[in-house]
Every structure is written in C-alpha cells, then in structure tokens.
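Here the structure comes first, spelled out in structure tokens, and everything after it is commentary.
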Amino acid sequence: MATPTMDRVEEDSAASAHLLTVTFRIRRFNPEVSDEAWWQDFQVDIDPKERVLDGLHKIKWDLDGTLTFRRSCAHGVCGSDAMRINGKNRLACKTLIKDIVSLDKSGSVSKPITIEAIKGMTVLKDLVVDMDPFFQAYRDVMPFLVTKGNEPTRERYQSAEDRARFDDTTKCILCAACTSSCPVFWNDGQYFGPAAIVNAHRFIFDSRDEAGEQRLEILNDRDGVWRCRTTFNCTDACPRGIEVTKAIQEVKRALITRRF
Ligand code: SF4
Ligand code: FES
C-alpha cells in the first residue's frame, strides 16, 4: 500500500503534468527607473484553469516583487484589476488562462499572453493607472438618490416594473473597462465616459429620485453624452455584461424627450 508521502508525490506529479508553461509579456513602467515603458517576459508554470491574476501573483511573489498591479476581492466584485489582456480590456481575476492561451499542435503554448495597463489614463507604475479623473467624472453625475421635502415616515415604495427600469445599470463595479476602451475617451480625456453615464442612468431612471433633470443638464455638456459615437467598445468590454451603449442611448433619448 502506498504511504501518505507517496500519495502526495503522485498527486503533485499528476498536478504538474497539467501545468502549462506560459510567457506573460507585461508592459512595465517605473518613473523612478526610466521615462520609457518597456516589455518584460516572465515564464510561469500554471494550471490552465487558473486565472491571469494567479499568474500575476506567481510573478510578484516568486519572480519579481516590484511588479505593481491593483487587486482586492479576486472575485469580480471590487473592480480594481481591469487591464488589457491580449489587447482586450478584462478583469484579471475573471480571465481563465485556458480561455486566452494559444496552443500549437503539440499542446504547447505558442504565444505569450500580453498584459498592459488600461488605455487613456496616466500610468503611475506598471499596471496601475491614475483613477482620480475617472472617479471625478463619476462624482460629477451625482451618483446618489436625491429627494426633496420632508423625510418620509415609511419606506419609498417602488413597483417591480419601475425597479427593473434601471436594474442593468445597478450592476456597475466601477472597473473603468468601458471608459478606457472608448476611442473618444482616448482622444479627449475630458469626456465623461461610459461609466459615469451608466451611473447617471442608474439614478435618472429611478422613480424615487428627483434630480434627473439636473443630471441630464450635467450630461448635456460638450464633454457629455453627445460625445458618444456608439462604437460599442464599452459594451464589449464590460465584465458585468451591462448594455452600456444602450444605457447611453437611453440617456440621450431622455435629453431629447425629457421623459424618464
Ligand atoms: S459599466 Fe461595466 S465596464 Fe464600465 S465601469 Fe461599470 S462594470 Fe466596469
Ligand atoms: S480583484 Fe476585485 S474585481 Fe478583480
């Protein structure tokens, strides 16, 4: 009978048989080292069922502790680890290696996985960008319920139908994958961007809210909702599956009809 130690050795070798050797090609930037960004390759043995975030952890913990990126929940909830993976905005914690890796006929990995910071925002270090302008645009659309008059004596009722009106846009986790995939935003960082409009939508169409007109006027600005060219990049990029372009169109329509 095999000893527990032998069992462990067999388990380990079975597990390593499933590992892929993947090259992570990462766009690095460190203003204390150079004014120029550079690409750096790291070889990582990783289970294809693991996520890109796991690969980044292996690099940071075992190969190069200076690699800098944001993450918190590791489960697609906090929105902190949006990055460009193989040229597409995704959350590192929601992207499985098996879904993005290219294999040759022998089953070996044939291409590196490229990882860069999201576009259109100032890179502070490696994969970390300055999110201040993004959150300023979010704050500018007043992302909170506004009501007038005396405090109610009981809860504000809302029908299921009225609640459904803005259900999609409640799902936003403020990851910035949409805004940083928008060509209008790349060309002019003054544009409010899809995420701010999504969060304005969430309150404009809330039947309990009384500041819809005010939010619409804020978005009627030259940097507001009319800058959208409906390229659908934002909808493609959203890890929460929000119909971002549709929400932007609904805000445009509300501006024209003043019905919401
Ligand atoms: S709308 Fe989607 S992509 Fe944009 S910030 Fe919200 S969750 Fe992220
Ligand atoms: S780490 Fe929180 S969404 Fe990915």
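The values are calculated or read from the model by the stated rules, or taken from the named source; none is laboratory data. Just so it is clear, the model here is predicted, and its values are computed rather than measured. With ideal geometry, Cβ positions are generated from the backbone for all residues, glycine too; neighbour counts draw on all protein chains shown. The protein model used for the area step is the full one, side chains on, heavy atoms only, and it has no ligands, DNA or RNA in it. Shrake-Rupley method; radii C 1.70, N 1.55, O 1.52, S 1.80 Å.
For region 198-250, with all protein chains in place and a probe radius of 1.4 Å, 42% of the accessible heavy-atom surface sits on carbon or sulfur. For the chain, the relative contact order is 16 percent, taking Cα pairs closer than 8 Å that sit 6 or more residues apart in sequence and dividing their mean separation by the residue count. The accessible area of Thr231, taken with all protein chains in place and a 1.4 Å probe, comes to roughly 70 Å². Taking all protein chains into account, the per residue accessible area for the chain stands at 55 Å² (1.4 Å probe). On a 0 to 90 degree scale, rounded to 10, what angle separates helix 244-257 from the longest Cα axis of the chain? Roughly 10 degrees, rounded to the nearest 10. On the principal axes of its alpha-carbon atoms, region 14-159 has extents of 70, 41, 25 Å, going from largest to smallest. Each label was represented as a point 7 Å from its Cα along the Cα-to-Cβ direction; for Ser108 and His75 these points are 3.9 nm apart.
In region 109-260, the alpha-carbon atoms span a convex hull of 142 Å³ per residue.
Left without a cysteine partner by the 4.7 Å Cβ rule in the chain: Cys93, Cys172, Cys175, Cys182, Cys228, Cys238.
Computed from the Cα positions only, the extents of the chain along the three principal axes stand at 76, 52, 35 Å, in decreasing order. The distance between label points at Arg156 and Phe135 comes to 2.5 nm (points 7 Å beyond Cα on the Cα→Cβ vector). Counting only residues at least eight positions apart within a chain, or on another chain, the lysines with an alpha carbon under 24 Å from that of Lys88 are Lys49, Lys58, Lys60, Lys98, Lys111, Lys119, Lys125, Lys171, Lys246. Qualifying chymotrypsin sites (Phe, Trp or Tyr not before Pro) in region 68-168, where qualification requires a DSSP coil assignment and no more than 12 other C-beta atoms within 10 Å, comprise Phe144, Tyr157.
Counted residue by residue at 0.36 nm each, then reduced by the alpha carbon distance between them, the extension gain from Asp99 to Gln190 reaches 29.3 nm. Across region 173-224, Cα pairs under 8 Å and at least six residues apart give a relative contact order of 30 percent. Each of Met131, Met83 has its accessible area taken with a 1.4 Å probe; listed largest first, they run Met131, Met83. Round to a whole number: what % of the accessible area of region 137-191 belongs to carbon and sulfur, probe 1.4 Å? Exposed carbon and sulfur together represent 47 percent of the surface. Here the chain is scanned for trypsin sites (Lys or Arg not before Pro) in DSSP loops (not H, G, I, E, B) that have at most 13 other Cβ atoms within 10 Å, and the longest stretch holding none of them is 157-221. Residues of the chain were split at every exposed loop site, defined as GluC sites (Glu not before Pro) in a DSSP loop with at most 15 other C-beta atoms within 10 angstrom, and the longest piece left, sites excluded, is 37-154. Please work out the Cα center distance from region 28-84 to region 179-238, rounded to the nearest Å. Between the Cα centre of region 28-84 and that of region 179-238, the gap is 30 Å.
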